[in-house]
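To keep things clear, I will list the structure first and then write my remarks on it.
The values are calculated or read from the model by the stated rules, or taken from the named source; none is laboratory data. This structure is a prediction, so every number in the text was calculated from the model and none was measured. Quick reminder, even Gly has a Cβ in these numbers, built from the backbone with ideal geometry, and neighbours come from all protein chains shown.
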Amino acid sequence: MTAAAERIIDATVIDITPSVKGFALRDILSLASGLSLPGADVHGLVAFLTATDKSAQNTAVNGKDARDCLMEQLPFLKNIDITLLHMAFKQDRAQLDAHLSLWLDAQQKNYGDEHFLMPQSRWQRRKNSHKL
């Protein structure tokens, strides 16, 4: 947890990370697919989920944990076929932009444009409390 996510008062750690935060489907699909979608803030998403600073380095270190947490919180992501997306990224830029725009529009129509997520620490506590 970073200084932005906690305050230490009299040796007691107080978590001030927001309980939930909304993220654009573009950000979510970028992390879920492992592809850098134009305009996506994957570093911000990973930083929120893992309570770390927003940076490419933290995304590289914490990306897998963040992706696993994302997939647990949004199980519908398993239903999205990203095969076409991976194929589109192999095309030239002009074709990619056209296909990507259509693909993202279809996903937003099916699943909505924004989804609310919990940081990984809160998600784990919630999962553990439901096991009792």
Exercise. Does any residue of the stretch 89-110 turn out to be outside any helix (DSSP H, G or I) and modelled with pLDDT of 85 or more?
Worked result: no
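Could you tell me whether R126 is over 18 Å from D41 (Cβ atoms), under 19 Å from the mean Cα position of the chain (by Cα) and either assigned to a helix (DSSP H, G or I) or among the hydrophobic types (A, V, I, L, M, F, W, C) (or both)? It would help to see each step written out before you state the result.
On the way: over 18 Å from D41 (Cβ atoms): yes; under 19 Å from the mean Cα position of the chain (by Cα): yes; either assigned to a helix (DSSP H, G or I) or among the hydrophobic types (A, V, I, L, M, F, W, C) (or both): yes.
When the stated conditions are applied, R126 passes them.
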For this session: Could you tell me which numbered condition Q73 fails, if it satisfies all but one of (1) under 14 Å from the mean Cα position of the chain (by Cα); (2) in contact (Cβ under 8 Å) with a residue 60 or more places away in the chain?
Result: (2)
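Per-residue answers, yes or no, for (1) on the phi > 0 side of the Ramachandran plot; (2) part of a helix (DSSP H, G or I); (3) touching a strand residue (DSSP E or B) at 6+ places or on another chain (Cβ under 8 Å); (4) modelled with pLDDT under 95:
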{"residue": "L37", "(1), (2), (3), (4)": "no, no, no, yes"}
{"residue": "H43", "(1), (2), (3), (4)": "no, yes, no, no"}
{"residue": "A47", "(1), (2), (3), (4)": "no, yes, no, no"}
{"residue": "K64", "(1), (2), (3), (4)": "no, yes, no, no"}
{"residue": "R67", "(1), (2), (3), (4)": "no, yes, no, no"}
{"residue": "D81", "(1), (2), (3), (4)": "no, no, no, yes"}
{"residue": "H86", "(1), (2), (3), (4)": "no, yes, no, yes"}
Problem set entry | Residues of the stretch 38-70 classified as charged (D, E, K, R) and in contact (Cβ under 8 Å) with a residue 40 or more places away in the chain, total | 2
Exercise. Which condition breaks for Q91 when tested against (1) surrounded by 13 or more Cβ atoms within 10 Å (Cβ to Cβ); (2) touching a residue at least 12 places away in the same chain (Cβ under 8 Å); (3) not aliphatic (A, V, I, L, M)?
Worked result: (2)
Exercise. When you look at H130, is it surrounded by 19 or more Cβ atoms within 10 Å (Cβ to Cβ) and not hydrophobic (A, V, I, L, M, F, W, C), yes or no?
Worked result: no
